[in-house]
Structure formats: C-alpha cells, structure tokens
Amino acid sequence: MATDYDAPRKSEDDSESIEALKERVPDKMSGSVDSEDADNPSGFELPGADLSDLELDVVVLPPQEDEFTCASCFLVKHRSQVHHEEKFGYICKECAA
C-alpha cells in the first residue's frame, strides 16, 4: 500500500487549542533554575569558572634520549616517528604526510 507523505496528518489528539498547549509547556524565559539538574552535578566546574585561587602541581620531565620535538606541530614524539630533519629540526611522519 502506498503512503502519501505530503498529506496532512491529523488525529483526534490534534484538536487541542493553542492556549491548552501553551499551558502545558513551561516558559523557557522564566529564569528559574532546576536544582536537581542531572547534567550538572555539584562537583562539576562550569567553563569560565574562576579558578585563580587553585594551584596546580605539574611535574615537567626533561626530554628523554628517545624523544624529539617536531618542528612543525611541536609535539614530543618517539624517535621512531622521525620522517626527516630540516634546517629547524626534526619533522614527524604525520606532518610530512
């Protein structure tokens, strides 16, 4: 059986008025915040949060003997990833491709 997808689809439930539909939908501009928001747990920091009082401890390792820094992408890679050497330094296989 062929279906006409361009025909208007109406059922008995579509007879509600616009006013009845507006009453069922919450006002998105109301400004109320749901405190039980599952997408934002209490321990999660939002982007743009003030983290100026937070100290980070980062251990910086010196370059290892089997590593190089690509002169194109500036990523530290293993020596097996060297494609060729240029005037400014080594180029990795990904940047040479």
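Listed values, structure above:
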{"item": "Neighbour net charge for residue 63 - beta-carbon separation under 13 angstrom, K R +1, D E -1", "result": "-1"}
{"item": "5 angstrom amide H check on residue 83, placed H, neighbours 5+ away", "result": "91, 92, 93"}
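The numbers here are math on the coordinates, done by the rules we state, and not lab data. Since this is a predicted model, take the numbers as computed values, not measurements. Positions of Cβ are generated from backbone atoms using ideal geometry, with glycine treated the same way; all protein chains shown enter the neighbour counts.
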